[in-house]
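Shown next, in structure tokens, is the structure this report addresses.
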Amino acid sequence: MKKRLMIDMDDVITDGNFKEQIEEFIGSKIDFKKTGYYLQNALGSRKEEFFKKGQLDMYKDAPLKDDAFEIIKKLNEKYDLYIVSSFIIKDAHYQEGNHLKFKIEYLQKKLPFIESKQIIFTDNKELIDFDIRIDDSIRHLSKGEILLLFDAYHNKELSKEYLATKNIKRVMNWQEVANILL
């Protein structure tokens with residue numbers, strides 16, 4: 001029986017274009033130390049104005065991370081693979097239907113070998129058991145045999161020693177994932 005593998009989408013498969021869209025809107029670069037996990041914190045009092053400007057497709061023309069296509073394709077052959085992602089947008093719940101649509105379209109276009117039944121949208125990934133988890137948030141890496149934290153702007157402060165106490169290994173890119181899982 002194949003091991004079950006969970007792969008997060010945002011900041012793991014793609015960075016999307018959300019950062020660029022916010023920076024264009026505010027006219028300056030985002031200071032990650034001030035925003036924390038939620039990039040929209042850079043909008044300050046202009047959040048409502050930004051989100052109400054129309055359908056926000058943060059995946060339009062967004063590239064996959066380097067080597068993601070080839071490695072995810074190989075992982076899909078070896079494991080019982082699922083893309084598990086949230087479609088919740090903090091501060092803009094009225095955009096969630098569109099966001100869900102854009103995520104599905106992106107995955108279908110960029111990873112056509114992933115079937116619809118392999119895509120799960122939930123904000124609580126702990127509800128589902130997986131042997132292996134790849135995510136950029138330790139919140140979603142609390143259980144499993146192999147726990148891989150994909151390096152991202154919001155998790156850099158987590159030390160190797162701290163991650164070791166949680167049985168979590170940081171990976172910097174998809175080649176490191178391949179070295180561990182393939």
(request) Identify the single condition in (1) part of a loop (DSSP other than H, G, I, E, B); (2) exposed (fewer than 15 other Cβ atoms within 10 Å of the Cβ); (3) free of Cβ contacts under 8 Å to residues at least 24 places away in the same chain that ASP129 does not satisfy, given that it satisfies every other one. (result) (3)
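How many of the residues in the range 29-82 are in a helix (DSSP H, G or I) and either among the basic types (Lys, Arg) or modelled with pLDDT of 85 or more (or both)?
Count: 15.
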(request) Would you please name the residue that is surrounded by the fewest Cβ atoms within 10 Å (Cβ to Cβ), looking only at residues in the range 148-182 that are charged (D, E, K, R) and not in a loop (DSSP other than H, G, I, E, B)? (result) GLU161
(message) I'd like to know if the range 133-140 contains one or more residues that are loosely packed, with under 15 Cβ neighbours inside 10 Å and either in contact with a strand residue (DSSP E or B) (Cβ under 9 Å, 6 or more places away or on another chain) or farther than 14 Å from LEU5 by Cα (or both).
(response) yes
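Residues are listed down the side, and each one gets a yes or a no for (1) of a type in the set (S, T, N, Q); (2) over 13 Å from the mean Cα position of the chain (by Cα); (3) modelled with pLDDT under 90; (4) in the same structural domain as MET9 (by TED's automatic domain parsing):
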residue: TYR94; (1), (2), (3), (4): no, yes, yes, yes
residue: HIS99; (1), (2), (3), (4): no, yes, yes, yes
residue: ILE104; (1), (2), (3), (4): no, yes, no, yes
residue: ILE114; (1), (2), (3), (4): no, yes, no, yes
residue: LYS117; (1), (2), (3), (4): no, yes, no, yes
residue: PHE130; (1), (2), (3), (4): no, yes, no, yes
residue: ASN155; (1), (2), (3), (4): yes, no, no, yes
residue: ILE168; (1), (2), (3), (4): no, yes, no, yes
residue: GLU176; (1), (2), (3), (4): no, yes, no, yes
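The values are calculated or read from the model by the stated rules, or taken from the named source; none is laboratory data. As the structure is a prediction and not an experimental result, all values here were calculated from the model. Positions of Cβ are generated from backbone atoms using ideal geometry, with glycine treated the same way; all protein chains shown enter the neighbour counts.
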